[in-house]
Amino acid sequence: MARKTRLPSWSEQAGWKHVFAALPADVRPPQALSVQEEWRRLAGFDVHVDRWLAPGSRAKILMLHGGGGHGRLLGALAWRLALSGFETICPDLPGYGLTRGRAKSSIRYDDWREVAAGLIEEERARGGSLFVYGLSMGGMLAYDAVAMTDQADGLLASCFLDPTRKEVRRSVVRQPWMAGLIDPLFAVTPRLFNGLPISMALTGNMKAISNASAVTDAIVADKLAGGNSMPAGFLRTWLQTPPLLPPESFEYCPVLMVHPGADLWTDVAVSDAFFDRLDVQKRRVLLKNCGHFPIEAPGSDQHDHAIAEFINAIVERRPMPEVLV
């Protein structure tokens with residue numbers, strides 16, 4: 001009889017612990033973590049999921065990381081949302097964190113879409129109100145996954161980045177001049193290089209992932225997060241994939257954008273160009289003093305309040321303008 005492979009746990013990893021130790025005290029998760037580790041089989045991957053428990057939860061939040069994180073790092077935000085009464089689910093997307101399965105060299109952006117959509121469908125099947133929240137490049141991923149499934153009660157994002165637009169590319173790459181090389185480089189690069197590992201810290205402006213130098217250094221040092229490498233084929237497919245729908249055609253649910261007000265990586269104007277075209281109930285909150293990873297006060301409190309008000313208004317069927325500023 002074949003021996004069953006033992007699945008890993010975050011308790012065996014040190015990188016995220018260094019990040020948590022560097023966090024501001026008011027967003028640092030307590031030692032007694034109310035988090036449950038789970039595994040899901042989706043799109044050919046064993047997807048690791050952190051579930052931040054909230055007994056008597058009024059709603060669930062599926063939180064999607066971007067290119068510099070993983071599910072456990074989102075615990076800096078998730079544990080406070082759980083305290084507010086919202087069970088929060090943080091997966092490791094393929095290529096990041098503890099998720100495993102197909103060869104890493106084969107991962108493409110569509111794998112992220114399929115995993116995110118699969119998680120939405122599974123959480124909806126479990127019952128309860130469901131909100132999908134994407135951070136950084138996870139914002140557009142959340143948008144696409146909600147459009148694919150039409151099963152979310154609300155969409156939240158820290159920013160909306162359409163990587164096919166020149167201004168977005170200039171914003172996300174490590175140096176603005178690199179943006180002009182993207183399409184010519186992909187045009188002449190043989191497909192056999194799709195599996196070539198590319199350091200995210202070398203291509204993206206990872207040093208701007210937070211405005212706290214100790215937090216940034218710890219994230220970049222974490223080989224499962226900001227210190228990760230992804231195959232060239234993943235970067236190519238992400239950069240060349242437009243949103244699933246133009247914003248004018250999105251009609252599935254209300255939208256909340258909680259954009260960091262002191263973001264040194266992606267300026268709010270880049271996200272506004274997409275957000276302003278959405279033709280649904282929507283709210284935009286600029287988080288004071290927050291960097292790309294929104295952990296600084298007072299914006300971190302603003303973040304939690306805005307999300308709670310947004311979700312409660314929808315669950316209680318109240319107009320958002322009455323409860324959000």
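The values are calculated or read from the model by the stated rules, or taken from the named source; none is laboratory data. Since the model is a prediction, treat every value here as computed from it, not as a measurement. Glycine gets a Cβ as well: all are built from the backbone with ideal geometry, and neighbour counts include every protein chain shown.
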(Q) It is to be established whether one or more residues within the range 121-130 are closer than 23 Å to Ile198 by Cα, in a helix (DSSP H, G or I) and either free of Cβ contacts under 8 Å to residues at least 12 places away in the same chain or within 15 Å of the chain's Cα centre (by Cα) (or both). (A) no
Q.
On the basis of being over 17 Å from Asp222 (Cα atoms), acidic (Asp, Glu), touching a residue at least 40 places away in the same chain (Cβ under 8 Å) and in contact with a Phe, Trp or Tyr (Cβ under 6 Å, 6 or more places away or on another chain), does Asp46 make the cut?
A. yes
Q | Enumeration of residues in the range 282-325 that are at pLDDT below 95 and assigned to a loop (DSSP other than H, G, I, E, B) | A | Glu316, Arg317, Arg318, Pro319, Val323, Leu324, Val325
**Q.** Within the range 211-269, considering residues that are of a type outside the set (A, V, I, L, M, F, W, C), modelled with pLDDT of 95 or more and touching a strand residue (DSSP E or B) at 6+ places or on another chain (Cβ under 7 Å), the one surrounded by the most Cβ atoms within 10 Å (Cβ to Cβ)
**A.** Pro260
(Q) Give me the residue from the range 88-109 that is among the charged types (D, E, K, R) and either part of a helix (DSSP H, G or I) or surrounded by fewer than 24 Cβ atoms within 10 Å (Cβ to Cβ) (or both) and, out of that set, farthest from the chain's Cα centre (by Cα). (A) Arg102
Q. Which of the residues that make up the range 253-280 are more than 22 Å from Gln151 (Cβ to Cβ), acidic (Asp, Glu) and part of a loop (DSSP other than H, G, I, E, B)?
A. Asp263, Asp267, Asp276
Q | Residues being more than 13 Å from Ala82 (Cα to Cα) and without any contact (Cβ under 8 Å) to a residue 40 or more places away in the chain - total across the range 8-43 | A | 11
**Q.** Test for Leu161: is it buried (at least 18 other Cβ atoms within 10 Å of the Cβ) and either in a loop (DSSP other than H, G, I, E, B) or at pLDDT below 95 (or both)
**A.** yes
